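Nothing in this text is a laboratory measurement; each read-out follows from the coordinates by a stated rule. If you're wondering where the values come from, they're calculated on a predicted model, not measured in any experiment. Methodologically, a virtual Cβ is constructed for each residue, glycine included, from the backbone with ideal geometry; neighbour enumeration extends over all protein chains shown.
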Amino acid sequence: MIYFAFCALFLILWAVFYAALPVMRHLVAILANLIARASVRWARVGHFKQRYGGYGPVVIILIAGALFTAWIGDSFVDVAEMVHAKSPRLQDLDTVAHAWAISKRSTGATTFFSTMSFVGGPPALMVLVVIVSVALIITHRYRWFLYLAVTAGGGSLLNMELKRFFARARPDLAEMLRLAHGYSFPSGHAMGSTVVFGALSYLAFRTATAWPWKSAVVALGTTLILAISLSRVYLGVHWISDVGAGIAAGTLWVAITTIAYETLRRLRLMRRVRVSAQ
């Protein structure tokens, strides 16, 4: 049953991401049409478009990225403040989710979530990053290698500092199906898998040529992140707020590095076009 749920979640996310492309294209077409009409009606707008129109995608990326990172960052701060203040409401939620996960344990579910926890553990993620990094170096994708190294390495350091700062205790050792050490908040598995699979999803998205494959890799990465994160609650080694904060912090970090990389990439392409035009 749990394997069917995993596949069903992947297919649902795939359908959602696949359907998102026509919507985004429609919105961009509407915006471009409005700008075109304004440039015809007002000379200043037309002059501005002619001179700075090439920066439009960069501006859109920066604005959308700023709004997204602000939202994710605010979500993490809200949970962090509740953890720091030992909010009774958050503790009740953690306790209920923890008890529910324990009550749903079965042999098949334990095997599945143990596998997911192994896939999202630091050793497995490190091996995956090293393998992809070697492949990128061999294929002379040095900028992609640098992006992956900064994203994965920086995310790991950030998680360690956050754990040390909040120093939250884990759930009761007697209820754990797997031994876990160190502090609980935020979940290292949740944050690490979000950072690594988020970065790899971006690189795979850039590599794929057709939208069905682009949406599929994003859906697969999201499904793996959710499965790995929930495995830590099922195994009794993290509270549900730990994994939620881990996903939020990981998303925030990978969004920052990806937006920075994408912005620099587009500026570099624009500079190259200008040089070739001269």
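Listed values, structure above:
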| read-out | value |
| --- | --- |
| Alpha-carbon Debye profile of region 156-265, log10 I(q)/I(0) at 0.10, 0.14, 0.16 Å⁻¹ | -0.32, -0.59, -0.72 |
| Formal net charge of residues neighbouring Thr115 (Cβ-Cβ distance under 14 Å; K, R +1; D, E -1) | +2 |
| Counted charge near Ala85, where neighbours are those whose Cβ lies closer than 13 Å (Asp, Glu -1; Lys, Arg +1) | +1 |
| Sites matching trypsin sites (Lys or Arg not before Pro) across region 75-175 that sit in DSSP coil, with at most 10 neighbouring C-beta atoms within 10 Å | Lys86, Lys104 |
| Which of Ser75, Ser201 has the fewest Cβ neighbours within 10 Å, and the rest in rising order | Ser75, Ser201 |
| Å³ per residue enclosed by the Cα convex hull of region 56-277 | 135 Å³ |
